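Step one of this worksheet: look at the structure below.
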Amino acid sequence: MKPAPFEYSRPATVEEACAILADDDGARIIAGGQTLVPMMAMRLSRPTRLVDIARINALTFVREKDGEVAIGAATRQCNAERDPMVRNKIPLLATALPFVGHAPTRARGTIGGSLANADPAAEISLVAVTLGATLVYRTGNEIAKTAAAEFFLGPLITALPAGSCLTAVRFPVWKEKRVGVGFHEINARRSDFAFVSAAAQVALDEEGVCRRIAVGVGAVTDTPMRLAAIEQAFTGRRIKENELRAAVNQVLSYTEFMSDLHASAEYRQRVAETLAVRAVMDAVAQAEKINAH
Amino acid sequence: MRTELTVNGRTRAVEVEPRTTLLDALRDQLGLTGAHAGCEHGVCGACTVLIDGAPVRSCLIFAVQADGYSITTIEGLAPGPGELSPVQDAFCETHGLQCGYCTPAMILVAHALLTKNSTPTPEEIVDAISGNICRCTGYAQIIEAIALAAERMRGTNRPPEQVR
């Protein structure tokens with residue numbers, strides 16, 4: 001369990017990091033290393049050079065701008081988890097973060113690292129897709145952005161061009177007064193990979209009618225899946241659990257579910273329905289507790 | 001590559017390959033064998049050390065990445081030679097260990113928990129040790145040990161032992 005030899009660089013800036021990546025096809029970025037290092041230890045990954053971006057200050061921030069909260073790619077998960085702006089403005093991410101690995105991996109693991117790794121079971125990716133986040137990256141001297149829905153292409157595959165460095169992820173902030181969130185996942189043991197996860201954010205008006213809803217399920221298909229049909233069906237309506245369950249059941253019946261030793265496709269489908277409904281109903285209950293006036 | 005590691009309050013230079021994990025540097029270069037090499041890919045937790053007070057897997061960070069951080073290993077926890085920290089004492093008393101392989105890491109995560117939370121609930125204790133595997137105890141005595149240490153540390157009416 002020892003990685004193959006490699007060279008190590010610690011550039012001071014993103015520009016420098018991109019220049020090193022452009023010069024060496026075998027170079028890989030390391031931020032928290034909580035997935036990359038095990039892969040290297042098992043020699044499933046053999047980079048010729050690691051470009052360490054963990055201490056680039058320009059990649060470590062949480063800030064609000066133009067109705068979005070942007071999080072720097074190298075921001076550690078433990079810091080995002082404790083950040084008051086994340087808690088207040090992106091409550092769904094704050095609720096999901098404690099499910100990411102466990103405290104010792106969150107102490108090193110980064111927000112951008114989890115996104116760029118694109119594990120189908122990753123909670124941060126699910127929240128990004130559910131809320132319609134935007135990912136910002138740098139390739140050489142060019143800065144580009146892509147919607148989360150287009151960023152994830154498959155298990156561990158993203159639209160990030162070779163030699164690029166993810167720099168930030170921008171989450172839309174919901175301005176409604178009564179916003180609630182819900183997050184659920186099932187795994188074999190606490191802190192392990194999810195077999196199924198579900199995330200929901202709901203905004204209610206003063207009458208309790210749903211004004212906006214976002215719901216997604218993770219770990220069941222190659223990439224996190226947003227249930228857009230549910231959002232269309234329930235916006236402008238009062239959400240009732242039996243109607244919601246029927247609608248989710250209908251939407252998921254068109255989906256091809258992953259199957260592995262731990263969880264069959266049939267199991268994943270059944271659990272995805274239950275967790276999606278629970279996540280939405282939790283979000284509704286939380287929003288109902290907020291006084292509209 | 002030359003790198004400087006600050007471990008248990010002392011800064012020492014080590015010469016390592018980039019691929020040398022912090023775990024191997026601690027054990028082989030600095031002779032601190034309290035961090036145990038279990039799975040070496042981040043699953044078992046036996047190699048856990050504290051970095052700036054937070055539990056981290058020392059097998060998932062390369063030594064060359066660790067300069068400038070304050071690293072605490074189990075060797076840095078006891079207040080003096082021949083003494084034990086309150087958490088270590090509690091583990092002995094409640095039989096919170098059998099073979100001892102997971103123990104240094106369990107004690108470090110417990111120490112980190114009690115440093116920021118002097119009154120943990122059983123759920124918070126379970127959450128704190130959820131990244132660490134023990135194959136002997138069944139965990140019940142470990143949870144008991146941490147609860148006992150918490151109670152004692154509250155009783156002493158002073159903050160937990162400062163990590164050197």
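Since every read-out is calculated from the coordinates, none of them should be taken as a lab result. Keep in mind that what you see is a predicted model, and the values were worked out from it rather than measured. Neighbour counts run over all protein chains shown; Cβ positions are idealised from the backbone, glycine included.
Do we have any residue at all in the stretch A:190-198 that's in contact (Cβ under 8 Å) with a residue 24 or more places away in the chain and farther than 30 Å from A:Pro155 by Cβ? No: the stretch A:190-198 contains no residue that is in contact (Cβ under 8 Å) with a residue 24 or more places away in the chain and farther than 30 Å from A:Pro155 by Cβ. Where residues in the stretch A:186-204 are among the small types (Gly, Ala, Ser) and in contact with a strand residue (DSSP E or B) (Cβ under 9 Å, 6 or more places away or on another chain), which of them is farthest from the other protein chains (Cβ to nearest Cβ)? Only one residue fits best here, namely A:Ala203. Looking across the stretch B:103-141, the residues that are surrounded by fewer than 22 Cβ atoms within 10 Å (Cβ to Cβ), within 11 Å of chain A (Cβ to nearest Cβ) and within 16 Å of B:Ala46 (Cβ to Cβ) come down to B:Ser130, B:Ile133.
What number of residues in the stretch A:131-151 are in a strand (DSSP E or B) and in contact with a helix residue (DSSP H, G or I) (Cβ under 6 Å, 6 or more places away or on another chain)?
2
Scanning the stretch A:80-94 for residues that are within 21 Å of A:Ile186 (Cα to Cα), surrounded by fewer than 22 Cβ atoms within 10 Å (Cβ to Cβ) and not acidic (Asp, Glu) gives A:Pro91, A:Ala94.
What number of residues in the stretch A:58-84 are under 16 Å from the mean Cα position of the chain (by Cα) and within 26 Å of B:Ile51 (Cβ to Cβ)? Talk me through it step by step, then tell me what you get.
Kept after step one, since they are under 16 Å from the mean Cα position of the chain (by Cα), are these residues of the stretch A:58-84: A:62, A:68-81.
Those left that are additionally within 26 Å of B:Ile51 (Cβ to Cβ): A:62, A:71-81.
Result for the stretch A:58-84: 12.
Taking the stretch A:1-82 as the region of interest, the strands (runs of 3 or more DSSP E) fully inside it that hold 2 or more residues being within 14 Å of chain B (Cβ to nearest Cβ) are A:7-9, A:27-30, A:49-52.
Looking only at residues in the stretch A:154-168 that are over 21 Å from A:Gln269 (Cβ atoms) and either hydroxyl-bearing (Ser, Thr, Tyr) or part of a strand (DSSP E or B) (or both), the one that is farthest from the chain's Cα centre (by Cα) is A:Ser164. Within 9 Å of chain A (Cβ to nearest Cβ), of a type in the set (A, V, I, L, M, F, W, C) and in contact (Cβ under 8 Å) with a residue 40 or more places away in the chain, is that true of B:Val43? Against the criterion (within 9 Å of chain A (Cβ to nearest Cβ), of a type in the set (A, V, I, L, M, F, W, C) and in contact (Cβ under 8 Å) with a residue 40 or more places away in the chain), B:Val43 qualifies.
Quick check on A:Val280: is it surrounded by 15 or more Cβ atoms within 10 Å (Cβ to Cβ) and under 20 Å from the mean Cα position of the chain (by Cα)?
Judged against the criteria, A:Val280 is a match.
Name the residues in the stretch B:24-37 that are within 14 Å of chain A (Cβ to nearest Cβ) and more than 20 Å from B:Ala78 (Cα to Cα), would you?
Looking only at the stretch B:24-37, we keep the residues that are within 14 Å of chain A (Cβ to nearest Cβ), and these are B:24-25, B:27-28, B:35-37.
B:Asp24, B:Ala25, B:Asp28, B:Ala37, listed by residue number.
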